[in-house]
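The structure under discussion appears below in the form of structure tokens.
Taken together, the values in this text are just the output of simple stated rules run on the coordinates, not laboratory data. In this text the structure is predicted, and so the values were computed from the model without any measurement. Neighbour counts are summed over all protein chains in view; Cβ atoms, including those assigned to glycine, are modelled from backbone coordinates with ideal geometry.
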Amino acid sequence: MKPPVEHVRVSARSKDIMIKIKRNTGLEHWNEICRIALCRSLTNTTPPSKHDKFADSSIDIEWKTFAGVYSDELASITLLKAKTDGVDISRKEAIAEYFRDHLERGIASLQNIKSIEMLYDK
């Protein structure tokens, strides 16, 4: 299955949050945090807010590194959720924007995480 994006990028604000998450949880890799964030956002029943264009941080993760062995699953879930939320999945840009909105919302939802155990609570 084709991924929704080739490269996963986050905003400067999200990078700051992820630095704090790394410090508080002991998670070592950006892709771990981003996967958790995406999944948390996808479980939310409401569509993510559209984000204005924002400055990217220096974090740039290739899809295969981001998704790992879950590439097909993460791509499928994102596309299914996009279709459910009325996104025109025939437009690659719309899917990429939708993915990014979910990722940004998911990272924001993690900003108060103080320990790795808190990741299990919603």
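Taking only Cα atoms, what is the 0 to 90° angle, nearest 10, from helix 30-42's long axis to the longest principal axis of the chain?
That helix lies at roughly 60 degrees to the long axis.
With 5 Å bins from zero, work out the P(r) of the chain over every alpha carbon pair and list the percent per bin.
2, 11, 23, 25, 21, 12, 4, 1
Got a sec? How would Leu27, Leu80, Leu103 order by Cβ neighbour count within 10 Å, fewest to most? Don't skip to the answer; put the middle values down first.
Working: Leu27 17, Leu80 12, Leu103 27.
Lowest count first: Leu80, Leu27, Leu103.
Where the only charges are on Cβ atoms (+1 Lys, Arg; -1 Asp, Glu), what is the dipole of the range 7-120 about its Cα centre, to the nearest 20 debye?
Approximately 240 debye in magnitude.
By the gyration tensor of its Cα atoms, with a ≥ b ≥ c the square roots of the eigenvalues, what is the shape of the range 1-42: rounded for a/c under 1.5, prolate for a/b over b/c, or oblate?
Verdict is prolate for the range 1-42.
Counting alpha carbon pairs within less than 8 Å and at least 6 residues apart, what relative contact order, in whole percent, applies to the range 7-120?
46
Among the listed pairs Lys20/Lys64; Lys50/Lys114; Lys22/Lys114, give every one whose C-alpha distance is greater than 19 Å. Present the calculation step by step, with values, prior to reporting the outcome.
Details: Lys20/Lys64 24 Å; Lys50/Lys114 27 Å; Lys22/Lys114 10 Å.
Distance filter (> 19 Å) returns Lys20/Lys64; Lys50/Lys114.
Only Lys, Arg, Asp and Glu count, each charged at its Cβ (+1, +1, -1, -1), so figure out the dipole size of the range 34-90 about its Cα centre, rounded to 20 debye.
Dipole about the Cα centre, nearest 20: 180 debye.
Residue-wise, which Karplus ³J(HN,Hα) couplings in Hz belong to the range 18-26, taking 6.51 cos²θ - 1.76 cosθ + 1.60, θ = phi - 60°, and x for glycine or proline?
5, 4, 5, 4, 4, 5, 7, 10, x
Modelling each spin label as a point 7 Å along the Cα-to-Cβ direction, I'd like the Ile19/Met1 distance in nm, to one decimal.
3.5
What is the fewest-to-most order of Val69, Val8, Val87 by other Cβ atoms lying within 10 Å of their Cβ?
Val69, Val87, Val8
What is the spin-label model distance, in nm, from Tyr120 to Ser90 if the labels are put 7 Å beyond Cα along the C-beta direction?
Once both label points are built, they end up 4.6 nm from each other.
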